[in-house]
Amino acid sequence: TSEERITIVAGDVIRFNVRNDGQLDHQLEVLTEANKRLGITERIEPGGTSDVTVTFEEPGTYRVICDIDDHQSRGQVAQFTVE
């Protein structure tokens, strides 16, 4: 199995298009290393979609989380690097 790699470079504008395939409401929030919110989707019902566009002005480490209820502490978080 090959793993696809996406490179984000400082200055890139990225549109996150999110589909909720789960059974609970979710959302996606994009945060800087200092926990500054760069963007957030609306609350997404099961089967629904939403999107958010974010400009990554600086290189560094960023996170995407679901901040509904205890979802983040249950592992709904990912980290990535902007070059």
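The values are calculated or read from the model by the stated rules, or taken from the named source; none is laboratory data. The model shown is predicted, which means the values in this text are computed figures rather than measured ones. Keep in mind that these areas ignore ligands, DNA and RNA; they rest on the heavy atoms of the full protein, side chains included. Shrake-Rupley method; radii C 1.70, N 1.55, O 1.52, S 1.80 Å.
Are any residues in region 69-83 β-branched (Val, Ile, Thr), open to solvent by 10 Å² or more (accessible area, probe 1.4 Å) and over 11 Å from the mean Cα position of the chain (by Cα), and if so, which ones? Passing the criteria: only Thr81. Consider region 36-83 and keep the residues that are part of a loop (DSSP other than H, G, I, E, B) and of a type in the set (Ser, Thr, Tyr). The one that is nearest to His26 (Cα to Cα) is Thr41. The set of residues from region 18-32 being open to solvent by 40 Å² or more (accessible area, probe 1.4 Å) and either among the aromatic types (Phe, Trp, Tyr) or more than 13 Å from the chain's Cα centre (by Cα) (or both) comprises Asp21, Gln23, Leu24, Asp25.
Per the listing Glu42, Glu4, the residue uniquely over 15 Å from the mean Cα position of the chain (by Cα), among the acidic types (Asp, Glu) and open to solvent by 40 Å² or more (accessible area, probe 1.4 Å) is Glu4.
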